Every structure is written in structure tokens, then in C-alpha cells.
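The values are calculated or read from the model by the stated rules, or taken from the named source; none is laboratory data. Values in this document were obtained by computation on a predicted structure and should not be read as measured data. All Cβ positions, even for glycine, are placed from backbone atoms using ideal geometry, and neighbour counts span all protein chains on display. Just the protein is used for accessible areas: all its heavy atoms, side chains included, with ligands, DNA and RNA removed. Shrake-Rupley method; radii C 1.70, N 1.55, O 1.52, S 1.80 Å.
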Amino acid sequence: NVNYVDRMKEIESLERNIEELKTDLSKSAEAISKEYKYTRLALDHYLLEATDTEDEDNFYSKKIYMEVLAKKLKGLKQAQKNSNGLLSSLQDIENSLTKKKQDEEEIYKLIVELESSKKEYSETYISLMENKNLVQGKLDKLLAKKTAIKKVYAKRSGKNSKILFTMGLPIQSFVKADSKNKGISFRYNETSPIKAPRSGKVVYAGELASYGKVLIIDHGSDVRSVLLGDIATKVAKGDLVEHNQVVGYTMVEPGNIKTLYYEVRKKNVAQNTLQWVAKKEKEILKI
């Protein structure tokens, strides 16, 4: 969209320049035509006078002047031709720019339609995902009630035999943090560095529909961390990263609060991310 606006400004600027050139050329062509007319009249006048009987010196003087007039007339005729040629070329360029402008406008209309459809599909998808997460949350609660007393106690005490190691937080500066279902959502309103929760290898860094960019880091033992949101990544697939290494930055918009989603997955199954977070990091969350 930004490129479209820039191109349209360039086209409009060229159109203004062409209009100015056409005006100048038209004035120049008009002046040349007048000069050509006066020169032609002067030449015809001297041609008529040349037939009169006059002394030899005056005759040769008029002959020389007529030759000068004839040469000037020839030059003005060529100038008229060149001027008309330039006007024709400018008209062709103007027609080409008009066609290009129409094409750009058609493309922009198509982009607007696609963006509108994308927004509708995205809203539907988000709604379905929210319902799915709500149902999944209720199901998790029902399953939790059937868990053995020992496992329930271990969960409440913050211990879990499945947790292989602790993880850090991807960002330290945020407005609010929520831990619902599996992942942790950080609400932020300023640009801040995003750090690797633990050392590992970047296995994916790219776009994900309307959610923004997704960054996945493999920490070994089938454990991966997922970062999702409107972020500017500074690493690529295959890069090795250290714990707390800056892997990107949060993107902001004036007056808007955005969300960075953080999730830990084991064997491609979403975990209760909060349980994997180190104790000192949990204190920052205040949840």
C-alpha cells in the first residue's frame, strides 16, 4: 500500500511536469508560427519588390536579405516540425502514464478487496480458535480432576516430572501478562527486545496468516518455544542462539496495545508454559 501511494505520487508529479512542458511548448509553437508568418510576408514582399527596376547595389542588397529571410524561414519551419514532434511525444507519454495510473488503481482496488476478505476470514478463524481453546480448557479441567492425588499435588507445588529444564521470558517490558490454557500472552505498548528463552536452534522464522510472524526455537529433548505476534525477527532458520540472545523486537503502533504470545511445546504438544518458567521469572509476571 505504501509503494502504491509512492508510485501514484510519482505519476501525478510526472503528469504536472508534462502539463507544464505542454504549456511551454504550446506557447513556443505559437510564437514560432507568428514569427514564421511575419517572415513569410517579408519574403513575399521583397520577392515582389525584386522585380522592380532598381540600381544594381540595391538589387543585390535585397537579394542578400531575401536569402537571409529564406534561410530563417527554413529554420522556423524545422522548429515548427520539432515543436510538433515534441508535443506528439509528450502526448504519447501522457497517455502511457494515464494507462499506468488506471492499472495501478485497478490493482489497488483488488488489494482492498483481498484485504477485506482476509480480515473477515481472520476474524472467523480467531473466533473458532477462541471457542476451541475454551472447549479445550474445559476438557483439561475435567481430565485434571481424574488425575492421581500425587500428580495434582505435584502440579500445585510447581513440580512436574515432565519438565526437563526451566525457561526464561521472551520480553521483560510489558503492560500485562495473562496465562490462559497453555501459553502466556504479553500485552505491550512499546518497542522492546525479544530474547531467546533458552539456547537452541531456530527451526522456523516466518509469517503466519494474519497473526504476524512466528519464531520457533528447538531447545533439544523435543522441547520447543514458540513466539507469535507482530515482531521484527533478527534471526533466520538454522541460526544457533544463546539464552537471552536478542532474536527480534516487538512492533508497535501509536495508541495501540499489541500482544506477544509465548508457548512451550514438547513433542509438538502444547505445555502449561507457566510451569516451565523459572521461579525468578515468574515473579516478574505477577500472575
Please give the solvent-accessible surface of MET251 in Å², to the nearest 10, using a probe radius of 1.4 Å with every protein chain present.
80 Å²
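Going by a ≥ b ≥ c, the root eigenvalues of the Cα gyration tensor, does the chain fall in the rounded group (a/c under 1.5), the prolate group (a/b larger than b/c) or the oblate group? Don't jump to the answer; show the numbers that get you there.
Numbers: a/c = 6.15, a/b = 4.41, b/c = 1.39.
Note, shape of the chain comes out prolate.
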Please compute the alpha carbon radius of gyration of segment 193-252, then divide it by the globular-protein estimate 2.2 N^0.38 Å. Two decimals is fine.
1.02
Carbon-plus-sulfur fraction of the accessible area of segment 207-287, 1.4 Å probe, in percent?
51 percent
Counting each DSSP H run of 4 or more residues in the chain as -39500 (n - 2.57), what helix-only mean residue ellipticity at 222 nm follows after dividing by all residues, to the nearest 500 deg cm²/dmol?
-20000 deg cm²/dmol
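Could you tell me what percent of the DSSP beta bridges with both partners in the chain are antiparallel, to the nearest 5?
Roughly 95 percent of the beta bridges in the chain run antiparallel, per DSSP.
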Greater than 32 Å apart at Cα, pairs in LYS145/LYS286; LYS145/LYS280; LYS146/LYS201; LYS109/LYS201; LYS22/LYS74; LYS237/LYS282
LYS146/LYS201; LYS109/LYS201
Where does each of 82-88, 166-172 land if you order them by average Cβ count within 10 Å, highest first?
166-172, 82-88
Tell me which residues come under 5 Å, amide H to amide H, from LYS176 once H is placed; ignore anything under 5 positions away on its chain.
ARG187
For the chain: accessible area per residue (Å², 1.4 Å)
68 Å²
Give the residue list of trypsin sites (Lys or Arg not before Pro) in segment 161-194 that are DSSP loop and have at most 14 other beta-carbon atoms within 10 angstrom.
LYS162, LYS180
